[in-house]
Amino acid sequence: MNATSPLPPPAAWEDLVTAALLGTDRRTPPGAAPGRNAPTALLDAAAAETVRRRAGLRPGRAAPLLEPAAEDPRPALPTAAARRLALLLADRPGAGGGGGRRGTAPDLMELLPQWLTVANARGFAAPAESLPALLDAARGRTDLRPAALEFAGPRALWLARLNPDWRFALRATPGAGTALPGPGDTRRTEKLWQEGLFAERVALLASIRSRDPDAARELLTATWPTERSEDRLMFLDSLRTGLGARDEPFLEQALADRSRNVRATAAELLSALPGSALAARMAVRAGACVAVDHTGDTPTLFVEAPHECDAAMERDGVSAKAPPGRGERSWWLGQLVEAAPLATWPARLGGRTPEEIVALPVADDWLDELHAAWCRAAVRQRDADWSRALLGVPSAPSAGGPGAVSLAERAKLLSTLPVADRAEWVAGFIAAHGLSEAFQLLGVCAVPWAAPLGRAVVDALNIARDAGSYPWSFSGVMGLAERCLDTSEAARLDALLAVPDEPEDAYPGALGYWAEAFQRLGRTLRLRAMMAQELGAA
């Protein structure tokens with residue numbers, strides 16, 4: 001290009017577009033001569049204009065920088081534990097691990113909850129590089145979320161705000177990581193309670209309730225009339241923590257709430273207070289329905305269920321409408337007995353102990369209804385004495401006490417017993433009845449299992465092997481054993497690894513599969529022991 005030649009004025013882009021749309025025969029491009037060279041001139045001009053437009057484009061305004069994630073003040077994981085965490089997370093579905101037949105290899109993903117529990121108890125912070133995999137694992141397993149999010153800490157919530165796939169972390173974390181005001185920060189407490197999101201308010205109420213039940217109740221009382229019914233229900237539920245006699249006046253007021261669910265929850269909470277006026281009213285009603293009949297050879301419980309559900313009963317939380325297939329009178333009786341304080345029954349029934357009361361025959365087929373209601377009352381009132389009476393001895397025929405009508409109810413009754421008593425009862429149950437119905441009961445026992453319970457489970461597995469069945473008939477219990485047996489049981493399992501001669505009536509190859517299952521169980525226990533050692537918990 002000649003430096004002294006003046007540059008032609010740039011063609012307007014709109015003129016070039018018009019020439020292209022109409023054709024150079026009808027519209028000569030700007031700066032070009034009409035004729036056969038006009039199309040070439042149009043393309044040259046368009047190319048030059050494109051370069052000019054791009055070169056002259058002003059950059060857009062830069063997006064504001066993200067606020068950095070909050071620091072995690074907890075100590076870093078030991079190096080060996082961090083490597084172990086990476087291995088556990090790599091075994092999750094979708095990460096290239098898991099799936100397929102495991103043979104004797106431990107199921108690493110099933111060990112992750114236990115690893116998280118120990119890591120949280122030791123107060124370690126999650127390595128930053130593990131947070132995406134940890135959030136992915138928690139996304140796939142809801143049971144993993146509480147422990148995973150506690151371990152992941154504030155940086156996981158920071159990441160969750162940037163990735164829609166991890167938004168569950170914000171929903172699952174009360175307050176979504178917002179720092180709650182401390183005990184003396186009245187101004188922030190009032191502001192958050194008045195203006196905060198629902199999740200933030202629930203978290204605030206739970207936090208205050210855990211350290212000062214009266215202050216939490218007073219905070220709730222101040223805004224109670226203006227709260228939505230669904231919010232009132234959730235807020236009321238938070239009073240289960242630290243429930244005490246000073247909550248009674250507020251709960252009595254809630255019995256008149258316009259929401260049926262709120263009234264029912266208030267009645268349930270009041271019935272858990274043995275000294276409350278509602279509990280006394282329910283004791284009178286239930287006591288009027290049950291009495292000891294001495295006219296026969298054997299003292300017998302006589303039951304006269306209510307004939308109506310009056311307005312006072314409904315105000316105290318009794319639901320008048322029975323579920324389909326259920327008689328109204330038995331429905332009302334069950335609710336009255338469930339809400340009556342268990343401590344009042346010995347005095348009403350001749351000074352008998354819970355065991356003696358439960359052992360009494362019940363006239364007119366009311367036994368199941370009466371005992372089922374006492375089961376629910378024992379669970380609600382966390383009454384260990386009544387739970388023991390209703391459970392009966394573990395070796396009893398049909399595997400339960402007279403009132404334990406289902407495995408689920410027995411499991412709930414067991415949850416009210418001290419940890420050692422719970423393990424002892426379940427060990428006795430397994431020794432008498434084997435493992436076929438023990439899975440649900442084992443689930444309420446403390447981990448690691450106490451020595452008597454662990455021995456009972458291993459002995460029962462050994463008996464099942466000798467019976468010739470396949471180990472996958474007990475896969476649920478075997479999986480629990482891998483997670484819950486004390487690691488010291490690994491040495492006992494070594495004696496079960498040999499494959500004895502197969503009896504004629506055994507399923508083909510069953511003993512070999514059992515040896516493989518016991519080998520996996522032993523390897524898992526040793527791996528758990530190593531994990532605890534790496535976390536400094538051994």
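Going by the conditions given, is residue 206 small (Gly, Ala, Ser) and at pLDDT below 90? Taking the combined requirement at face value, the residue satisfies it. When you check residue 268 against the structure, is it assigned to a helix (DSSP H, G or I) and touching a Ser or Thr at 6+ places or on another chain (Cβ under 9 Å), yes or no? Judged against the criteria, residue 268 is not a match.
In the set 171, 188, only one residue is under 19 Å from the mean Cα position of the chain (by Cα), modelled with pLDDT under 90 and either under 25 Å from residue 532 (Cβ atoms) or of a type in the set (Lys, Arg) (or both); that residue is 171. Residues in segment 461-476 that are assigned to a helix (DSSP H, G or I), among the hydrophobic types (A, V, I, L, M, F, W, C) and surrounded by fewer than 20 Cβ atoms within 10 Å (Cβ to Cβ): 463, 472. Out of everything in segment 266-315 that is among the charged types (D, E, K, R) and closer than 21 Å to residue 349 by Cα, what residue ends up being surrounded by the most Cβ atoms within 10 Å (Cβ to Cβ)? In this case the residue turns out to be 285.
Among the residues making up segment 476-495, a single one is within 15 Å of residue 440 (Cβ to Cβ) and free of Cβ contacts under 8 Å to residues at least 40 places away in the same chain: 476. Yes or no: residue 246 in a helix (DSSP H, G or I), open to solvent by less than 50 Å² (accessible area, probe 1.4 Å), of a type outside the set (Asp, Glu) and over 24 Å from residue 337 (Cβ atoms)? Here the answer is no, as residue 246 does not meet what is asked. Report whether or not residue 103 is surrounded by 14 or more Cβ atoms within 10 Å (Cβ to Cβ), touching a helix residue (DSSP H, G or I) at 6+ places or on another chain (Cβ under 8 Å) and at pLDDT below 85. It is false that residue 103 is surrounded by 14 or more Cβ atoms within 10 Å (Cβ to Cβ), touching a helix residue (DSSP H, G or I) at 6+ places or on another chain (Cβ under 8 Å) and at pLDDT below 85. Going through segment 214-233 one residue at a time, which ones are over 17 Å from residue 252 (Cα atoms), within 24 Å of the chain's Cα centre (by Cα) and open to solvent by 40 Å² or more (accessible area, probe 1.4 Å)? Scanning segment 214-233 gives a single hit, 230. Is it true that residue 274 is without any contact (Cβ under 8 Å) to a residue 24 or more places away in the chain and over 30 Å from residue 158 (Cα atoms)? In short, no. Close Cβ contacts (under 8 Å, 6 or more residues apart or on different chains) running from residues in segment 525-538 that are open to solvent by 20 Å² or more (accessible area, probe 1.4 Å) to residues that are not in a helix (DSSP H, G or I) comprise 527/106; 529/538; 532/538; 534/78; 536/78.
Can you spot a residue in segment 358-366 that is in contact with an Asp or Glu (Cβ under 8 Å, 6 or more places away or on another chain) and either of a type in the set (Val, Ile, Thr) or surrounded by fewer than 16 Cβ atoms within 10 Å (Cβ to Cβ) (or both)? Yes, that holds for at least one residue. Looking only at segment 142-164, residues that are open to solvent by 90 Å² or more (accessible area, probe 1.4 Å) and among the charged types (D, E, K, R) come to 3 in all. The single residue among 379, 419, 393, 447 that is touching a helix residue (DSSP H, G or I) at 6+ places or on another chain (Cβ under 7 Å) and either open to solvent by 40 Å² or more (accessible area, probe 1.4 Å) or at pLDDT 95 or above (or both) turns out to be 447.
The values are calculated or read from the model by the stated rules, or taken from the named source; none is laboratory data. Because the structure is a prediction, the values reported are computed rather than measured. For neighbour counting, all protein chains shown are included, and Cβ atoms are generated from backbone atoms with ideal geometry for every residue, glycine included. Note: accessible area is taken over every heavy atom of the protein model, side chains too, but ligands, DNA and RNA are not part of it. Shrake-Rupley method; radii C 1.70, N 1.55, O 1.52, S 1.80 Å.
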